[in-house]
1. Please report, ordered by residue number, the helices (runs of 4 or more DSSP H) entirely within the stretch 107-168 with at least 3 residues that are at pLDDT below 85.
2. Contact list please: Cβ distance under 6 Å, first residue in the stretch 86-114 and touching a residue at least 40 places away in the same chain (Cβ under 8 Å) and under 16 Å from T63 (Cβ atoms), second residue part of a strand (DSSP E or B) and among the small types (G, A, S), pairs at least six apart or on different chains.
3. Quick check, is R236 closer than 30 Å to L139 by Cα, of a type in the set (K, R), assigned to a strand (DSSP E or B) and modelled with pLDDT under 85?
4. Test each condition in (1) touching a residue at least 60 places away in the same chain (Cβ under 8 Å); (2) exposed (fewer than 14 other Cβ atoms within 10 Å of the Cβ) for D361 and report the one that comes out false.
5. Can you tell me which of I748, I753, I731, I768 is among the β-branched types (V, I, T) and surrounded by fewer than 17 Cβ atoms within 10 Å (Cβ to Cβ)?
6. Output yes when any residue across the stretch 615-622 is of a type in the set (K, R), touching a strand residue (DSSP E or B) at 6+ places or on another chain (Cβ under 6 Å), modelled with pLDDT of 75 or more and outside any loop (DSSP other than H, G, I, E, B), and no when none is.
7. Report whether or not E573 is touching a Lys or Arg at 6+ places or on another chain (Cβ under 6 Å), of a type in the set (D, E) and surrounded by 13 or more Cβ atoms within 10 Å (Cβ to Cβ).
8. Might you check whether a residue that is of a type in the set (D, E, K, R) and in contact with a Phe, Trp or Tyr (Cβ under 9 Å, 6 or more places away or on another chain) occurs anywhere in the stretch 443-452?
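The values are calculated or read from the model by the stated rules, or taken from the named source; none is laboratory data. In this text the structure is predicted, and so the values were computed from the model without any measurement. Counting neighbours? That spans all protein chains shown, and the Cβs are built from the backbone with ideal geometry, glycine included.
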Amino acid sequence: MHTEDFQIRLGEKLQRKAIAKLSYWNIDGKCLSINESCRTWYGDLLQHEMLPEEVVPHQSIATEYLRQALQDATVTLSLQVAYNQKHYRLTYIPDVEGNSVVGCVVQLDDITEFKIREFEQTATEQKFRTIIENAPDALIIANATGKIEMLNSRSEVLFGYNSDELIGQPVEMLMPERFRQGHPTKRQGFVENKHSRAMGNLILAGLRKDGSEFPTDVSLSPLHTPEGMLITAAFRDITQQVSRENEIKNYHEALQKQSSQIENILGSISESFCLIDSSWSIRYWNTAAEKTTGKSREMVMGKFMWDVFPQRKGSTLYDGCHEVMETRVASSFEHFSSEGTWFYNSAYPNADGGLTIYFKDITDRKNAENEVLAIKNNQYALINATKDLMWSVDVNYKLISANKGYDTFIENILGYKQILGECVLVDQLTGKYYEEWKDFFDRSLNGESFFMEIEAMPDYLTQFNPIFDQVSGQITGVACHSSNTSERNRLEKEKRDSAERFRAVVQNGSDLIFILDAYFSLSYISPSAVTLLGHENGLLGSSLLDVVHPESVDEVLIGIRKTATQRTVKLNELKIKDGNGNWLWLEATIDNLLDNTAVGGLVINARDITDYKRREAEREHLINELTRSNSDLMQFSFITSHNLRAPLSNIKGLLDFVDRSLLNEELSSVFDMISVSTQKLTETISDLSQLLIIRNTTEIPTSLLDIEKVFHRVNRNFLEAENDIEAQISINLPEPTVNFNVRYLESIFINLISNAIKYRSADRTLKIMIESKLVENGICLSFSDNGKGIDVARHGSRLFGMYQRFHPNTEGQGLGLFIIKAQIKALGGSVEVESIVDEGTSFHIFFPS
């Protein structure tokens, strides 16, 4: 019998299971075998059909599971129960012969210790969750791959997501797009060098669910778990802190500006400026004043003001300056010089008894004002020269304005001229006309615009429009315009006559004319079009697109769509097929006359330009070559004209004099640095403007230059910054001179030194190496640093482009390398770059012999 055989086979196995309590039950629910461990626990269960409660805990449930296991050959059942303060697991394993269950093995395991550990872990997790929820900061826990595994409620409030939206998502979704690409590398660095980063060391920008950004301070801590390392990130919104820091920064910047040395700054401003002492001697004369007056500083310094400008005696400038000198009250006035130039002058009394005088050429502004005045006068003349009647009334029907045509018309009717402020509903307009006009005004005062033919004005068509206040949006009156209909009728007759003439031209002209109906089908084809295309009238009723080349279909459809908002749309050159299958080039315009009852369609006027296109193709290659040759110069000219002049134009005013005796040594030093920096900015922009001029000429002055002297002359402007960062500079120049333009070489060194300082590594002392050597056909000058470096493989094609920046966290306009290459290339040289990220960069400049 199978169960007996199984009992024999199982007996040996059961006895070897010293820990597990095993028993075997047949299909009738009788116990046939039991191991020693189970007998010690249960007693002798052999031939038992039911398990007593005192032997098996939860006997009824255990018996039900046994019955299920004896009925289903495909399921292994497991039951966990608690008994006598311990926990047990009952496992039912069916014994299957063929497809039938013939018995079942029941295994009882003591899992008390496992349950205790499970309870302890649950309690630990609950405690951990409580700590996280009560933390003062937003806490987010992610695994080493950046997936979010846990967060507290403060994180939900800070970022605007609920936990279900964040769990399992990458942490990069909480940062702006510009930081996401580089974040995995930084996270891997933290995993490899896992130690806590406290608040204040890592300032980032957070991204809320609504798309808004905010500054956040972040601390990172590694969290070791059996499943692997987790990263705990604490976020703190520091918007207010950043705002306060910006306020402090702005305050200090303003303080530095106020403390800058006035004399040096005034030399760089665009507005003309001079200082006059109490005896009218000129004590200061800035560069702008030299350009404005044509008199150099050497010509005017120390001389009597009115000896330098004798023609100004008795002028507005002379009288105004003397008044300020006497009254010690600042004043401004305009002055027209004998040379035909307008100036705006401001004079301020100085503490030493003299004057500060600013003057600016405002000739262009005065000319513009005169032009505006002339336009206004012309408009006034046009309004009063027309035969139309124009007038307006307020909400009480009182006359606000009126042109001469209205005045004359009303005077002819009433016998006297209406005056402004008078009610236009006068006694003479009683009865029907009074009510009629009042109704017209009231309709417009209620917001209606309309035209009306009025019985009292049979020769006029009058338009009524409400007048709206621009601030409140309320209606404040009515604007009226009456046009003479007899003139309109005459024009309409001329229009009809013109249409007849146009019809004759269309029928007999050489231009091709097509009319498309509202469904874009051809409703008319001119005789000239029939003759050229050869389709005769076979195209009527068909779509124009049937004969348009596929390359021109989009052009036609776009042009048709544009006619919804534009009356006339010009099409670029398009191709159309004639009756012989040949493609012809046409130049065409589309006029939207769908609303014109006489036309009721889209009118296409075209002419055959096939021969022109053939001739144009012959010139195309030459034009492309010329375009490529000039594209770089055109781009550079545009940027120089519109972008590089902007910084200097931002200097709007002048600072009051600063008494240097009131400044300490440190603040005086700050004055000097700001003055030098301002002057260098002026010189740099001047150099760029000169570069534009030089790009258009073939003669650039050069001379034999001592490289080291030029470098030291430029480097004086950077010495303080280099000393602050303890920079090390080494110079090795076996070839000490080059034949080059001195301003270009200075500009090149300015850009290279400033870049080396700006993009230095925070992990090491900055080192700058300058070397020269003789190479084939010239000299190579190498400028190297050990800074952050540039990813040449990634940015190589854009390295010397305009406005290209490769370190987004560092200030700069991205123009330096473009200027360097342009200056070197202008004199027949070239430049190459070698760079390794986080190791340094070398620029190799090749000067031709």
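1. Values: elements: 112-133, 153-159, 163-166.
Fully inside the stretch 107-168 and qualifying: 112-133, 153-159.
2. Sorted first by the residue in the stretch 86-114, then by its partner, the pairs are V106/S23.
3. Details: closer than 30 Å to L139 by Cα: yes; of a type in the set (K, R): yes; assigned to a strand (DSSP E or B): yes; modelled with pLDDT under 85: yes.
So R236 passes the test.
4. (2)
5. Values: I748 fails: surrounded by fewer than 17 Cβ atoms within 10 Å (Cβ to Cβ); I753 fails: surrounded by fewer than 17 Cβ atoms within 10 Å (Cβ to Cβ); I768 fails: surrounded by fewer than 17 Cβ atoms within 10 Å (Cβ to Cβ).
When all the criteria are applied, what remains is I731.
6. no
7. Working: touching a Lys or Arg at 6+ places or on another chain (Cβ under 6 Å): no; of a type in the set (D, E): yes; surrounded by 13 or more Cβ atoms within 10 Å (Cβ to Cβ): yes.
In short, no.
8. At the first step, the residues of the stretch 443-452 found to be of a type in the set (D, E, K, R) are 443, 448.
Going one step further and asking which of them are in contact with a Phe, Trp or Tyr (Cβ under 9 Å, 6 or more places away or on another chain), we end up with 443, 448.
Yes.
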